[in-house]
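Asks: Shown below is the structure under consideration.
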Amino acid sequence: MRVEKSFLKWVGSKSRLIPQLLPHLPSGRRFIEPFVGAGNVFINTNYDSYVLCDKNRDLINVYEWLRDDLASLLNETKSLFDSRPDFYDIRTRFNDFTPILSLQRAAEFIYLNRSCFNGICRYNSSGKFNVPSGKYKNIYFPKSELIAFSNKLISVPVELVRADFPTVIENARFGDVIYCDPPYVSGSKNDIFTGYTPGKFDSATTTLLHNLLVLAVRRGATAIISNSNNSLIREIFNDFEIYEIDARRSVAANGNRQSAREIIGVLTPEMI
Ligand SMILES: C[S@@+](CC[C@H](N)C(=O)[O-])C[C@H]1O[C@@H](n2cnc3c(N)ncnc32)[C@H](O)[C@@H]1O
């Protein structure tokens, strides 16, 4: 199958897992992604409407510009890529001068994403983007991917939400499909007891996610989660139906000695 690719490089992107993921996504009237990231699942599905949420303000800003004014965003981004400025000059400008939610900030975010080390998106405790340069010889301007993403955003009703995940899960209703692809938690049980670090996605946060999803399913939504295949995640999501998937092979067979790296968990109203 042909997999559409996002214009962003994103850690934890599901683009390589799309063929294994899609069969687990049921039909529904509205698709809710509390952790939309680079939007790879959004652009490879066909629901009637979407709620796309992420706590990253710069990410949602780019999506708003893509929805509202593609031409201006393409112009601003292209001139930045064409002039090929020094990575650290742009990073400093982005952190210290560029107005929040501006068109310029959207363009700089795309430029930093394509030119920083491995497309990592990380901010320090003061909210400054602090990923080093990827030192790439060529930096790809993702024009066709930007246009395709924008077309998808305007082709169906899409609500863009910059928030912590509970906001959109608490609003899920009968008939909604909620797909969650949160930052992955390590398999170590110890982090349950090392306490909750604000802003960090740990086992306590994952447990909160689980509990909110169960409540949403009781209201008639269907919940699907992606996560790493480890005992901690299996324990937290023990009431979900668990499927093993792996980008390295198309069918996750139980007989395989090497276990799959990823799981998909599904909870439907019929299961509770
Ligand atoms: C693994 S990525 C999602 C990747 C996406 N499925 C894709 O294929 O492009 C996880 C996303 O969750 C977001 N995130 C982390 N903590 C969050 C929170 N508490 N609430 C909402 N979003 C959060 C991150 O900003 C990141 O974009």
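Asks: Criterion first (buried (at least 22 other Cβ atoms within 10 Å of the Cβ) and within 18 Å of the chain's Cα centre (by Cα)) does Glu64 satisfy it?
Replies: No.
Asks: Can you tell me which of (1) more than 16 Å from the ligand (Cβ to nearest atom); (2) open to solvent by 70 Å² or more (accessible area, probe 1.4 Å); (3) in the same structural domain as Val36 (by TED's automatic domain parsing); (4) not basic (Lys, Arg) is the one Asn171 doesn't meet?
Replies: Of (1) more than 16 Å from the ligand (Cβ to nearest atom); (2) open to solvent by 70 Å² or more (accessible area, probe 1.4 Å); (3) in the same structural domain as Val36 (by TED's automatic domain parsing); (4) not basic (Lys, Arg), only one is false for Asn171: (1).
Asks: Quick one: which residue in Ser133, Ser115, Ser186, Ser125 is away from the ligand (no atom under 14 Å from the Cβ), assigned by TED's automatic domain parsing to the domain that holds Phe97 and at pLDDT below 95? Steps first, answer last, please.
Replies: Values: Ser133 fails: at pLDDT below 95; Ser115 fails: at pLDDT below 95; Ser186 fails: assigned by TED's automatic domain parsing to the domain that holds Phe97.
None of the others qualify; the one that does is Ser125.
Asks: Hey, another quick one. Please enumerate the residues belonging to the stretch 82-98 that are within 24 Å of the chain's Cα centre (by Cα) and open to solvent by 20 Å² or more (accessible area, probe 1.4 Å).
Replies: Correct list: Arg91, Asn95.
Asks: Can you tell me which residue among Asn56, Asn75, Asn46 is open to solvent by 10 Å² or more (accessible area, probe 1.4 Å) and within 16 Å of the ligand (Cβ to nearest atom)? So that I can check it myself, show each step before the final result.
Replies: On the way: Asn75 fails: within 16 Å of the ligand (Cβ to nearest atom); Asn46 fails: within 16 Å of the ligand (Cβ to nearest atom).
After ruling out the rest, the residue left standing is Asn56.
Asks: Out of the residues in the stretch 30-43 meeting the condition of being within 20 Å of Thr206 (Cα to Cα) and open to solvent by less than 20 Å² (accessible area, probe 1.4 Å), tell me which one is nearest to the ligand (Cβ to nearest atom).
Replies: Gly37
Asks: Among the residues of the stretch 16-29, is any within 9 Å of the ligand (Cβ to nearest atom) and in contact with a Leu (Cβ under 7 Å, 6 or more places away or on another chain)?
Replies: Among the residues of the stretch 16-29, not one is within 9 Å of the ligand (Cβ to nearest atom) and in contact with a Leu (Cβ under 7 Å, 6 or more places away or on another chain), which makes the answer no.
Asks: State the number of residues belonging to the stretch 123-140 that are touching a Phe, Trp or Tyr at 6+ places or on another chain (Cβ under 7 Å), in a loop (DSSP other than H, G, I, E, B) and open to solvent by 40 Å² or more (accessible area, probe 1.4 Å). Write out each step before concluding.
Replies: First pass over the stretch 123-140, keeping only residues touching a Phe, Trp or Tyr at 6+ places or on another chain (Cβ under 7 Å): 123, 129-134, 139.
Checking the rest, the ones that are also in a loop (DSSP other than H, G, I, E, B) come to 130-132, 134, 139.
With open to solvent by 40 Å² or more (accessible area, probe 1.4 Å) added as a condition, the list becomes 130, 132.
So the count comes out to 2.
Asks: I need the full set of residues from the stretch 1-29 which are farther than 20 Å from Leu267 by Cβ, open to solvent by 10 Å² or more (accessible area, probe 1.4 Å) and assigned to a helix (DSSP H, G or I), in order please.
Replies: Correct list: Ser15, Arg16, Pro19.
Asks: Hey, any hits in the stretch 149-164 for a residue that's open to solvent by 30 Å² or more (accessible area, probe 1.4 Å), under 19 Å from Phe35 (Cα atoms) and among the acidic types (Asp, Glu)?
Replies: Yes, the stretch 149-164 contains a residue that is open to solvent by 30 Å² or more (accessible area, probe 1.4 Å), under 19 Å from Phe35 (Cα atoms) and among the acidic types (Asp, Glu).
The values are calculated or read from the model by the stated rules, or taken from the named source; none is laboratory data. If you're wondering where the values come from, they're calculated on a predicted model, not measured in any experiment. As a convention, Cβ positions derive from the backbone with ideal geometry for all residues, glycine included, and neighbour counts pool all protein chains shown. To get the accessible areas, we keep the full protein, side chains included, count just its heavy atoms, and leave off ligands, DNA and RNA. Shrake-Rupley method; radii C 1.70, N 1.55, O 1.52, S 1.80 Å.
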